[in-house]
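Notes for the one structure printed next.
Derivation of every value follows stated rules applied to the coordinates shown; laboratory data play no part. Just so you know, these numbers come straight off a predicted model, no measurement behind them. Backbone-built Cβ (ideal geometry, glycine too); neighbour counts: all protein chains shown.
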Amino acid sequence: MATAVIVYSTGRGHTLRLAQAVAEGMRSVPEVSPTLTDTATLSPQDWQRMHDAEAIVFGCPTYMGGVAASFKAFMDDSSDYWEERRWLDKIAAGFTIGTNYSGDKLMTLQHMAVFAAQHGMIWVGQSIIGPRPVPGSERQEDGDGSALGLMATSSPDKTEMIYAADRRTAEIFGRRIGQAVLRWHDGSRQG
């Protein structure tokens, strides 16, 4: 069984909803087992789970054009393991959510991708191409048109928190990550 840790920060619960949808997509891939870990409650066991996993998926809201402070603290704390190369060659991917369609969410994904590269990880982006916006049409999969990772926009409906299309996009993204994890995991057994 290949394992993955989805480590996320959430402010009001939106990022948690995305993390759950990404995990659901990953679970649709046989032999991939994701777990969710909130940066607010990281324990030594959570760090060990990340060290042992085949993949680590990063998620946080975009605040003021970048990663949330709580997620940045997690990134900084990971430097204790950077020199040891504990995450070398693990699959990595990232997702974020913000209030506006752009909201400078690309900056957050870029920060995550550089962070993963510094740890020597293998980054996985989106497999789907965002739709061409049609005025007055309903939001569709990859509505923010991001290739680097998953971008979502918070829904004004606070009972749902994320748009249904963004949930579907997160599940598709999770399935892609799961497939990459399994392919990478199987490939490492053959090598």
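Based only on the alpha carbon positions, what is the Kirkwood hydrodynamic radius of the range 2-190, in angstrom?
On the way: mean 1/r = 0.0613 Å⁻¹.
For the range 2-190, inverting the mean 1/r across all distinct Cα pairs yields 16.3 Å.
For the range 1-93, what does the alpha-carbon gyration tensor say about shape, rounded, prolate or oblate, given a ≥ b ≥ c as the root eigenvalues, a/c under 1.5 as rounded, and a/b over b/c as prolate? It comes out oblate by the Cα gyration axes.
Near GLY66, once Lys and Arg are set to +1 and Asp and Glu to -1 for all other residues with Cβ below 11 Å from its Cβ, the sum equals +1.
Grab the other residues whose beta carbon is less than 10 angstrom from that of THR35, score K and R as +1, D and E as -1, and report the net. It would help to have the intermediate numbers written out before the result.
Values: positive: ARG49; negative: ASP46.
It works out to a net charge of 0.
Only helices enter this figure: runs of n ≥ 4 DSSP H residues, each worth -39500 (n - 2.57), summed and divided by the residues of the chain, yield -12500 deg cm²/dmol at 222 nm to the nearest 500. With each label modelled as a point 7 angstrom along the Cα→C-beta vector, the THR159-GLU84 pair spans 4.7 nm. The label-point distance for ALA40 and ASP104, in a model that sets each label 7 Å from Cα toward Cβ, rounds to 2.4 nm.
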